[in-house]
Amino acid sequence: MIDTGLKAKVAVITGANHGIGAATALAFAKEGAKVFLNYLRLSPEEYGGVSKEEAERATKPGRGYYYKTITRSADKVVKEIREAGVECSAWEADLADPGNIPKLFDKAEVKYGKVDILVNNAAHDRFDTFIPPDELEKNPLFVGEYPMITISPDSHDEHFAVNTRAVALLIKEFAQRHIARKATWGRIINISTDGAYAHPSNVSYGASKFAVESYSRAAASELGPYGITVNVISPGAVQTGWMTPQLEKEIAASYPLRRIGQPEDIANAVIFMASEQANWVTGQVLHVGGGNRM
């Protein structure tokens, strides 16, 4: 049996009320780590153009079902972890507000002491494009489940506030506290996307994640002397409730391993990057996508 060395470590995980974040929290708990979760419940109407009633009725993966998942609190995740005998707490806060960054660490430290591991998973994602609105109406690029808009100052800034700026400030806060207490062991794992290099039809999301990959390499170089490793997990398509069964089937057929990902697939990779087995791995982008984007 492999000992990951994570027992009694303290992990802060963002975006942990569903999907990859929730699976990652459970994976750390199985290794005996103390887990502090951040999350933000989003309105189906405001975020996805789906009524609350429609979302509540949804039972199969797809637009309505996905927007039902993002309205959940982290209570279920916390309960499951605590029932397994592991310490876990959660705090709901919008990371687009820079003032919440130090508060997140303050609250985690009050509960469990120093933070050893930071997993930046929280993300904002709404499809935008460079195609002008009138052309979109005549020949939409993304028809069906999810609406698409032409990129605007708001669509750009909403993505970068959460996906890029918050990640940079979280890394800074983690490093500042780590160095101040003269710690010698730390892990930062950032979740990107295998569409980061170029993400047509989702341009702001892809670009904001590509910026995170750059921040991660710079942080790995600067923080390595302090015993902090910084790595990126780049997932392929993961079923977090957003893919219809038909879309899942179509995407799976194009992947060498002939299936799309599950949140646990990404969580397993995060655990590896946090573990003692990866203690000489830093500044890397690990593609976890069934062979997609090799």
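The values are calculated or read from the model by the stated rules, or taken from the named source; none is laboratory data. It should be emphasised that the depicted structure is a prediction, and the values quoted were computed from it without experimental measurement. Heads up, the Cβs are rebuilt from the backbone with ideal geometry, glycines too, and the neighbour counts pull from every protein chain shown.
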Determine whether segment 87-103 contains at least one residue that is farther than 30 Å from Gly5 by Cβ, touching a helix residue (DSSP H, G or I) at 6+ places or on another chain (Cβ under 6 Å) and aromatic (Phe, Trp, Tyr). no
Return the pairs, sorted by first residue and then second, in which the second residue is surrounded by fewer than 18 Cβ atoms within 10 Å (Cβ to Cβ) and at pLDDT below 95, the first residue lies in segment 272-294 and is within 11 Å of Gly236 (Cβ to Cβ), the beta carbons are less than 8 Å apart, and the residues are 6+ apart or on different chains. His287/Arg293; His287/Met294
The lone exception for Met243 - which of (1) over 22 Å from Ala166 (Cβ atoms); (2) touching a helix residue (DSSP H, G or I) at 6+ places or on another chain (Cβ under 9 Å); (3) of a type outside the set (S, T, N, Q); (4) part of a helix (DSSP H, G or I) it fails: (4)
Residues located in segment 189-214, provided they are touching a helix residue (DSSP H, G or I) at 6+ places or on another chain (Cβ under 7 Å), among the aromatic types (Phe, Trp, Tyr) and assigned to a helix (DSSP H, G or I): Tyr205
Applying the selection to segment 19-56, what residues are surrounded by 15 or more Cβ atoms within 10 Å (Cβ to Cβ), part of a loop (DSSP other than H, G, I, E, B) and either touching a strand residue (DSSP E or B) at 6+ places or on another chain (Cβ under 8 Å) or of a type in the set (D, E, K, R) (or both)? Glu31, Ala33, Leu40
Among the residues that make up segment 28-50, is at least one of them of a type in the set (D, E, K, R), touching a Ser or Thr at 6+ places or on another chain (Cβ under 8 Å), closer than 27 Å to Phe272 by Cα and at pLDDT 95 or above? yes
Against the condition surrounded by fewer than 22 Cβ atoms within 10 Å (Cβ to Cβ) and in contact with a helix residue (DSSP H, G or I) (Cβ under 8 Å, 6 or more places away or on another chain), how does Phe272 come out, does it pass? yes
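Can you go through Asn139, Asn120 and tell me which one is polar (S, T, N, Q) and either under 18 Å from Ile191 (Cβ atoms) or in contact with a Phe, Trp or Tyr (Cβ under 8 Å, 6 or more places away or on another chain) (or both)? I'd like the intermediate steps shown before the answer.
Working: Asn139 fails: either under 18 Å from Ile191 (Cβ atoms) or in contact with a Phe, Trp or Tyr (Cβ under 8 Å, 6 or more places away or on another chain) (or both).
Every option except Asn120 fails the conditions.
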Residues to consider are Phe174, Phe210; find the one that is modelled with pLDDT of 95 or more, among the hydrophobic types (A, V, I, L, M, F, W, C) and buried (at least 21 other Cβ atoms within 10 Å of the Cβ). Phe174
Answer with yes or no whether Lys103 is touching a strand residue (DSSP E or B) at 6+ places or on another chain (Cβ under 7 Å), under 26 Å from Arg177 (Cα atoms) and charged (D, E, K, R). no
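Out of all the residues in segment 274-294, which are modelled with pLDDT of 95 or more and in a loop (DSSP other than H, G, I, E, B)? Talk me through it step by step, then tell me what you get.
Within segment 274-294, the subset modelled with pLDDT of 95 or more is 274-291.
Matches in segment 274-294: Ser275, Asn279, Trp280, Val281, Thr282, Gly283, Gln284, Gly289, Gly290, Gly291.
Results for (1) assigned to a loop (DSSP other than H, G, I, E, B); (2) among the charged types (D, E, K, R); (3) touching a residue at least 24 places away in the same chain (Cβ under 8 Å), shown as yes or no for each residue.
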| residue | (1), (2), (3) |
| --- | --- |
| Trp91 | no, no, yes |
| Asp97 | yes, yes, no |
| Pro102 | no, no, yes |
| Glu135 | no, yes, no |
Name the residue that is surrounded by the fewest Cβ atoms within 10 Å (Cβ to Cβ), counting only residues in segment 1-16 that are touching a residue at least 60 places away in the same chain (Cβ under 8 Å) and in contact with an Asp or Glu (Cβ under 8 Å, 6 or more places away or on another chain). Asp3
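For segment 113-131, check the following and say yes or no: at least one residue is among the basic types (Lys, Arg), assigned to a helix (DSSP H, G or I) and out of contact with any Gly (no Cβ under 9 Å at 6 or more places or on another chain). First the steps, then the outcome.
The initial filter retains those residues of segment 113-131 that are among the basic types (Lys, Arg), namely 114, 126.
Now restrict to residues that are assigned to a helix (DSSP H, G or I): none.
No, because not a single residue in segment 113-131 is among the basic types (Lys, Arg), assigned to a helix (DSSP H, G or I) and out of contact with any Gly (no Cβ under 9 Å at 6 or more places or on another chain).
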Determine the pairs where a residue that is closer than 17 Å to Glu158 by Cα, located within segment 197-216, has a partner that is among the hydroxyl-bearing types (Ser, Thr, Tyr) and assigned to a loop (DSSP other than H, G, I, E, B) with Cβ atoms under 6 Å apart, the partner being 6 or more residues away or on another chain. Lys209/Ser192; Lys209/Thr193; Val212/Ser192
